[in-house]
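FYI, it's all coordinate maths here, none of it is from the lab. The model shown is predicted, which means the values in this text are computed figures rather than measured ones. Cβ coordinates were reconstructed from backbone atoms using ideal geometry, including for glycine residues, and neighbour counts include every protein chain displayed.
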Amino acid sequence: MKTRLFCTRPVRPLVIVLAALAVVTSVSLRAEDKDTAIRNAILLQIEAFANDDDEAAWTIASEGIKRRFGSSDVFLSMVREAYPAVHRASTIEFAERVPHGPFEIQVVRLQGPEGKRWDAYYRMVLIEGEWKVAGVRVQPAEMGI
């Protein structure tokens with residue numbers, strides 16, 4: 001009785017299917033990793049604002065933000081005055097993330113300190129493997145039916 005060590009059936013189609021599945025799974029996992037990393041960066045900055053920890057909030061700001069405001073104190077003062085919903089968010093809900101080539105836009109629904117709802121559009125940039133906030137546009141949320 002002979003023992004076969006190799007399969008005599010063609011395996012090429014199976015290999016192609018498995019390779020394609022691996023690529024799709026890898027792309028999907030990287031998208032989930034990107035979502036998680038972006039959301040974590042935003043949450044860390046919002047938490048730093050809530051704790052009035054200007055240095056922690058400053059570390060998540062992009063280089064462009066740092067050049068514009070010059071110091072963590074000035075930056076936190078600006079956020080406190082111009083973005084109270086970001087500075088003291090009581091509810092945070094992540095919506096869609098929209099890729100824009102060199103940056104990503106993460107939509108975040110916030111409830112501010114007075115109960116008003118806001119849509120915040122975070123511009124996120126990847127710098128040396130870390131996601132940084134490069135800007136936020138906030139507008140009143142549309143209240144559906």
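Points to keep in mind about this one:
- Here each label is just a point 7 Å from Cα along the line to Cβ, and for ARG67 and PHE94 those points are 2.9 nm apart.
- Charge context of ALA48, other residues only, Cβ under 14 angstrom, K/R +1, D/E -1: -3
- Length released on extending from GLU32 to ARG117, taking residue separation times 0.36 nm less the Cα-Cα span: 28.0 nm
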